[in-house]
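J.: One structure follows; several queries about it will come next.
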Amino acid sequence: MTLSGVSEAYYRHIMKYALKRFARFAHVVWEIPTEGKSDEQLATEGIDALAAWIKQIGAASEITSLGVTEDMLDGIANATIILAGGYETLNHDEIVEILRKSL
């Protein structure tokens, strides 16, 4: 549930680092037509589709539903293990911002 609660905000944050992959995700997974759309439009529509699906299946779409409050964000970010790799290595402030957008 925690993963579903932060997915939308996290993917929107890192989307710019992997636009082509997110655009492909939109087309392949969600069957969003590509004609006349930029990679950014496709990627955004794909993340929108994922967010709608998360709600449809009843998974957490925000971390407040898991009991997380604004005053907990810095502590959660401090406890987050930051690994190099992936699309972008996040820093503490980015993690707090993603968590804030996930409330």
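J.: Based on what the data block shows, is Leu66 among the hydrophobic types (A, V, I, L, M, F, W, C), under 13 Å from the mean Cα position of the chain (by Cα) and open to solvent by 70 Å² or more (accessible area, probe 1.4 Å)?
T.: No: the conditions fail for Leu66.
J.: Given the criteria of a type in the set (Gly, Ala, Ser), part of a helix (DSSP H, G or I) and buried (at least 19 other Cβ atoms within 10 Å of the Cβ), does Ala51 qualify?
T.: no
J.: Name every residue in the range 79-103 that is open to solvent by less than 70 Å² (accessible area, probe 1.4 Å), small (Gly, Ala, Ser) and under 14 Å from Tyr11 (Cβ atoms), in order of residue number.
T.: If the condition is that a residue be open to solvent by less than 70 Å² (accessible area, probe 1.4 Å), small (Gly, Ala, Ser) and under 14 Å from Tyr11 (Cβ atoms), then Ser102 is the only one that fits.
J.: Among the residues of the range 7-40 satisfying the criterion of being under 23 Å from Lys55 (Cα atoms) and not in a helix (DSSP H, G or I), which is least open to solvent (accessible area, probe 1.4 Å)?
T.: Among residues in the range 7-40 that are under 23 Å from Lys55 (Cα atoms) and not in a helix (DSSP H, G or I), the one least open to solvent (accessible area, probe 1.4 Å) is Ile32.
J.: Let me ask something else about it. Between a first residue in the range 1-28 that is under 21 Å from Asp93 (Cβ atoms) and aromatic (Phe, Trp, Tyr) and a second residue that is at pLDDT below 95 and open to solvent by 20 Å² or more (accessible area, probe 1.4 Å), which pairs have beta carbons less than 6 Å apart while being 6 or more apart in sequence or on different chains?
T.: Matching pairs, first to second residue: Tyr17/Tyr87; Tyr17/Glu88.
J.: If you don't mind, another one. Kindly indicate whether any position in the range 36-46 is more than 11 Å from the chain's Cα centre (by Cα) and aliphatic (A, V, I, L, M).
T.: Looking through the range 36-46, at least one residue is more than 11 Å from the chain's Cα centre (by Cα) and aliphatic (A, V, I, L, M).
The values are calculated or read from the model by the stated rules, or taken from the named source; none is laboratory data. Here the structure is a predicted model, which is why all the values come from computation and not from measurement. Virtual Cβ from ideal backbone geometry, glycine too; neighbours counted across all protein chains shown. When the accessible area is computed, the model is the full protein with side chains, heavy atoms only, and any ligands, DNA or RNA have been set aside. Shrake-Rupley method; radii C 1.70, N 1.55, O 1.52, S 1.80 Å.
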